[in-house]
Amino acid sequence: MSSAPGADPAPGSNPTTPTTTAKRSTFSSLKVRNYRLFATGAVISNTGTWMSRIAQDWLVLSLTGSSTAVGVTTAMQFLPMLLFGLYGGVIADRYPKRRLLLVTQSTMGLLGLLLAALTLSGHVQVWHVYAIAFLLGVVTVVDNPTRQSFVVEMVGPQDVRNAVSLNSANFQTARLIGPAVAGALITAVGSGWAFLINGLSFGAPLIGLLLMRPAELHEVQRAPRGKGQLREGLRYVAGRPDLMWTIVLVGFIGTFGFNFAIWLSAFAQGVFRSGAGTYGLFNSAMAIGSLIGALLAARRATTRMRMLLFAAMAFGLLEMVAALSPSLWIFTGLLVVIGVFGITVNTTANSSVQLGTDPAMRGRVMSLFMMVFTGGTPLGGPLVGWVTDTYGPRIGFLSGGLVSAGAAVFIAVMLARVGGLRLKVGLRSGRPHVRFVPRDGGRTAEDVTVAA
């Protein structure tokens, strides 16, 4: 790939060029032709993926009648990320990302068509769903860090925050459309057609990747083949508290707070005595909130650790409140707000980690990020499913929110200790003001990397 103007910021730095300090246009990344192609293909493919997820969860629940089985399906899809996630990052750092994506996206489309064939023929069994979910997970090990780190090659470091937020908006737009269409399809003709549409939808990103202009991609140094690259990546993160604690936080939230496939299907069927249409409604409500949160994040020029911690605490507390909601419509409304804070956690953590990482290490660091964010699901999914089956959907949802909020509080305390900070509460212009300040009264809070 040929070089392009601009260099990545130094590890841990917060770029202060005019493009990062001033408020940016919400859709500034779409001015880049390669990114437009990427985003167009992604929204079509993501819509199919969300249709497939809803159909998959409902199919497993219909075949088994068990929330634990839904949790096992989710666990099978994310188990490869837990086991092999860091190897995916090494591959993403070593090979051209556009070529890798052509391979991974093709394979995912073929797996979607296989599940469609099994379901439409009437031969599908729950172990088929488990196996295909596992194979999808294996492909995702490479696809996820490659897609995440390919963003900076398309738009450059000056627009990476905006592009990460627009990726989330893209994903949540698909999440808004996909579940609604899937709910209608499942009710009318069954899950198989949703799987078929998903398989075919992968043609869109493949066309987008083939139409890209390689000369317009930003050149990023690729890691040479060598020994010890996994250990090198882990040592790099261990030496950076700002990266390490961000990854730990998203690990807790991903493992215990994002098990919506289990909770929402259980609330639809077990609490509100409804069907697939209500399950689709719940997912669409979360998607509306997530889309709002992603668009707000796209206008944000900087990301700060305190914003991430506040969003994580609010996310957990709102889950706890939603678990106790007395009516379907109150529950649905709370899901919108949960979506706003959930995507704020995701985009803030993602862009902070990408911008704070050396370009040659980005694939490995992002693979670790995705490994703990999604790879914890094999541990959390069956456990949360068991709690939901044993004690009911409300207790299951409540426990996930409690762990998420507790993790945010714990990590806030740890970062304050690392940065030598204390909590200060006061008034500014007549309004309550909460911030971390140095214990010794020396540096300002903005001078401390982990508090920025």
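The values are calculated or read from the model by the stated rules, or taken from the named source; none is laboratory data. Note that the coordinates shown come from a computational prediction; the quantities given were computed from them, not determined experimentally. Reconstructed Cβ throughout: ideal geometry from the backbone, glycine too, with neighbour counts over all protein chains shown.
Which residue pairs have Cβ atoms under 7 Å apart, sit 6 or more places apart or on different chains, and have a first residue in the stretch 204-222 that is aliphatic (A, V, I, L, M) and a second that is surrounded by fewer than 13 Cβ atoms within 10 Å (Cβ to Cβ) and at pLDDT below 90?
A215/S2
Please state which one of R222, R235, R213 is surrounded by fewer than 19 Cβ atoms within 10 Å (Cβ to Cβ), basic (K, R), at negative phi and at pLDDT 85 or above. Walk me through how you get there before you give the answer.
Details: R222 fails: at pLDDT 85 or above; R235 fails: at pLDDT 85 or above.
Checking each option against the conditions leaves just R213.
Within the stretch 157-179, does at least one residue satisfy the condition of being more than 23 Å from the chain's Cα centre (by Cα) and surrounded by fewer than 21 Cβ atoms within 10 Å (Cβ to Cβ)? Spell out the reasoning first.
If we filter the stretch 157-179 for residues that are more than 23 Å from the chain's Cα centre (by Cα), which is where we start, we get none.
No, the stretch 157-179 contains no residue that is more than 23 Å from the chain's Cα centre (by Cα) and surrounded by fewer than 21 Cβ atoms within 10 Å (Cβ to Cβ).
Taking the criterion of being free of Cβ contacts under 8 Å to residues at least 40 places away in the same chain and crowded, with 19+ Cβ neighbours inside 10 Å, would at least one residue in the stretch 137-155 satisfy it? Can you show your working first?
Filtering the stretch 137-155 for residues free of Cβ contacts under 8 Å to residues at least 40 places away in the same chain gives 139.
Filter again for crowded, with 19+ Cβ neighbours inside 10 Å, leaving 139.
Yes, the stretch 137-155 has at least one match.
So is F202 modelled with pLDDT of 85 or more and within 26 Å of I330 (Cβ to Cβ) or not? First the steps, then the outcome.
Values: modelled with pLDDT of 85 or more: yes; within 26 Å of I330 (Cβ to Cβ): no.
Judged against the criteria, F202 is not a match.
When you scan the stretch 320-349, how many residues do you find that are under 20 Å from L176 (Cβ atoms) and in contact (Cβ under 8 Å) with a residue 40 or more places away in the chain?
Result for the stretch 320-349: 18.
Going by the conditions given, is A287 under 30 Å from S66 (Cα atoms) and at pLDDT below 90?
yes
Are there helices (runs of 4 or more DSSP H) fully within the stretch 241-298 with at least 3 residues that are farther than 30 Å from L368 by Cβ and among the hydrophobic types (A, V, I, L, M, F, W, C)? List them. Lay out the reasoning, then the answer.
Working: elements: 241-252, 260-266, 276-298.
Fully inside the stretch 241-298 and qualifying: 276-298.
When the residues of the stretch 290-312 are narrowed to those that are surrounded by fewer than 19 Cβ atoms within 10 Å (Cβ to Cβ) and among the aliphatic types (A, V, I, L, M), which ends up modelled with the highest pLDDT?
Looking at residues that are surrounded by fewer than 19 Cβ atoms within 10 Å (Cβ to Cβ) and among the aliphatic types (A, V, I, L, M), I get I292.
Please enumerate the residues belonging to the stretch 265-284 that are hydrophobic (A, V, I, L, M, F, W, C) and under 17 Å from the mean Cα position of the chain (by Cα). First the steps, then the outcome.
At the first step, the residues of the stretch 265-284 found to be hydrophobic (A, V, I, L, M, F, W, C) are 266-268, 271-272, 276, 281-282.
Of everything in the stretch 265-284, nothing turns out to be hydrophobic (A, V, I, L, M, F, W, C) and under 17 Å from the mean Cα position of the chain (by Cα).
Please verify whether A261 is within 17 Å of the chain's Cα centre (by Cα), of a type outside the set (D, E) and farther than 16 Å from R394 by Cβ, treating the condition exactly as stated.
On the way: within 17 Å of the chain's Cα centre (by Cα): yes; of a type outside the set (D, E): yes; farther than 16 Å from R394 by Cβ: yes.
Yes: the conditions hold for A261.
Here is a check on your reading of the model: is L86 modelled with pLDDT of 80 or more, at negative phi and aliphatic (A, V, I, L, M)?
On the way: modelled with pLDDT of 80 or more: no; at negative phi: yes; aliphatic (A, V, I, L, M): yes.
Against the criterion (modelled with pLDDT of 80 or more, at negative phi and aliphatic (A, V, I, L, M)), L86 does not qualify.
Among the residues of the stretch 5-22, is there at least one that is surrounded by 15 or more Cβ atoms within 10 Å (Cβ to Cβ), at pLDDT below 85 and β-branched (V, I, T)?
Within the stretch 5-22, one or more residues are surrounded by 15 or more Cβ atoms within 10 Å (Cβ to Cβ), at pLDDT below 85 and β-branched (V, I, T).
Count, please, the residues in the stretch 404-424 that happen to be surrounded by fewer than 19 Cβ atoms within 10 Å (Cβ to Cβ) and modelled with pLDDT of 85 or more.
Number of matching residues: 3.
With respect to L120, determine if the residue is touching a residue at least 40 places away in the same chain (Cβ under 8 Å) and surrounded by fewer than 17 Cβ atoms within 10 Å (Cβ to Cβ). Explain how you work it out, then say what you get.
Values: touching a residue at least 40 places away in the same chain (Cβ under 8 Å): yes; surrounded by fewer than 17 Cβ atoms within 10 Å (Cβ to Cβ): yes.
It is true that L120 is touching a residue at least 40 places away in the same chain (Cβ under 8 Å) and surrounded by fewer than 17 Cβ atoms within 10 Å (Cβ to Cβ).
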